[in-house]
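Everything below concerns the one structure shown next.
The values are calculated or read from the model by the stated rules, or taken from the named source; none is laboratory data. None of these values were measured; they are calculated from a predicted model. Every residue, glycine among them, receives a Cβ derived from its backbone with ideal geometry; neighbour counts consider all protein chains shown.
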Amino acid sequence: DTGVSQDPRHKITKRGQNVTFRCDPISEHNRLYWYRQTLGQGPEFLTYFQNEAQLEKSRLLSDRFSAERPKGSFSTLEIQRTEQGDSAMYLCASSSGDSSYNEQFFGPGTRLTVL
Amino acid sequence: AQSVTQLDSHVSVSEGTPVLLRCNYSSSYSPSLFWYVQHPNKGLQLLLKYTSAATLVKGINGFEAEFKKSETSFHLTKPSAHMSDAAEYFCVVTLRSNYQLIWGAGTKLIIKP
């Protein structure tokens with residue numbers, strides 16, 4: 001078990017460009033979550049998958065944000081037409097559906113800087 | 001509705017002295033409660049969790065927390081601070097079997113030599 005991994009760890013882009021981040025959850029976990037964290041704040045929930053189904057996406061920050069988990073394993077988060085306000089740490093977490101306590105395990109995050 | 005309040009944004013203690021990070025929660029139902037720690041430039045790590053089995057919960061690195069229903073509190077303590085404890089600590093509440101975690105704003109723990 002290598003834990004939750006995210007790629008890339010850092011991304012610098014120019015305003016208006018599209019970016020895509022990848023998350024690989026713990027292999028036996030069927031639930032996957034995306035969060036955004038800005039400096040000095042706790043994580044802000046964005047979206048949630050159970051297997052390949054996206055069960056909650058109303059918290060995605062705008063229609064420029066989208067996420068997929070096509071085969072119920074890894075997931076991608078895409079931001080289109082990036083803005084400077086999108087600069088933040090994007091966190092992925094996973095959990096086991098067998099756990100009734102929803103203990104989530106986090107990846108190291110992708111730090112996005114929009115110039 | 002659920003909510004979490006971390007009463008201190010910063011806590012500063014000397015190395016070797018006790019640590020107390022305060023957390024109060026609000027929940028209509030029996031919650032699960034967690035403490036996560038985030039070291040600079042690192043991911044969030046689960047310190048400990050309360051799941052109703054015992055009110056005093058022991059976690060990693062010598063931390064523990066006590067669930068007090070009457071006070072709706074879940075304070076984090078450690079008898080003796082170490083320099084490596086310097087980090088941001090988050091108190092989190094969730095309903096069991098609910099995907100959504102409700103996060104406190106975080107407490108930055110500063111350790112003075």
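The table for this structure:
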{"read-out": "Matching option when the condition is more than 25 Å from B:VAL92 (Cα to Cα) and surrounded by 15 or more Cβ atoms within 10 Å (Cβ to Cβ), among A:PHE105, A:PHE21, A:PHE49", "value": "A:PHE21"}
{"read-out": "Residue that is farthest from the other protein chains (Cβ to nearest Cβ), among those in region A:49-70 that are in a strand (DSSP E or B) and under 19 Å from A:SER95 (Cα atoms)", "value": "A:GLU68"}
{"read-out": "Subset of region B:71-108 [among the aliphatic types (A, V, I, L, M) and more than 10 Å from every other protein chain (Cβ to nearest Cβ)]", "value": "B:LEU76, B:ALA81, B:MET83, B:ALA86, B:ALA87, B:VAL93"}
{"read-out": "Check on A:LEU112, touching a helix residue (DSSP H, G or I) at 6+ places or on another chain (Cβ under 8 Å), surrounded by 20 or more Cβ atoms within 10 Å (Cβ to Cβ) and either within 14 Å of chain B (Cβ to nearest Cβ) or in a strand (DSSP E or B) (or both)", "value": "yes"}
{"read-out": "Cβ-Cβ under 9 Å pairs, at least 6 apart or on other chains, region B:46-70 side away from chain A (no Cβ under 14 Å), far side assigned to a helix (DSSP H, G or I)", "value": "B:ASN61/B:SER84; B:ASN61/B:ASP85; B:GLY62/B:ASP85; B:PHE63/B:ASP85"}
{"read-out": "Which numbered condition A:TRP34 misses (of (1) more than 10 Å from the chain's Cα centre (by Cα); (2) closer than 26 Å to B:PRO40 by Cα)", "value": "(1)"}
{"read-out": "Condition met for A:GLN6 (over 14 Å from the mean Cα position of the chain (by Cα) and not small (Gly, Ala, Ser))", "value": "no"}
{"read-out": "Candidate set: region B:56-76, residues that are surrounded by 16 or more Cβ atoms within 10 Å (Cβ to Cβ) and in a loop (DSSP other than H, G, I, E, B); chosen: the one modelled with the highest pLDDT", "value": "B:PHE63"}
{"read-out": "Residues within region B:77-113 that are farther than 18 Å from B:SER26 by Cβ, among the hydrophobic types (A, V, I, L, M, F, W, C) and part of a strand (DSSP E or B), tallied", "value": "4"}
{"read-out": "Residue count for region A:71-82, restricted to those that are buried (at least 20 other Cβ atoms within 10 Å of the Cβ) and outside any loop (DSSP other than H, G, I, E, B)", "value": "3"}
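Quick grid of which residues meet (1) over 29 Å from B:PRO31 (Cα atoms); (2) more than 9 Å from chain B (Cβ to nearest Cβ); (3) more than 16 Å from the chain's Cα centre (by Cα); (4) surrounded by 13 or more Cβ atoms within 10 Å (Cβ to Cβ):
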site: A:GLN17; (1), (2), (3), (4): yes, yes, yes, yes
site: A:LEU39; (1), (2), (3), (4): no, yes, yes, no
site: A:GLY42; (1), (2), (3), (4): no, no, no, yes
site: A:GLN84; (1), (2), (3), (4): yes, yes, yes, no
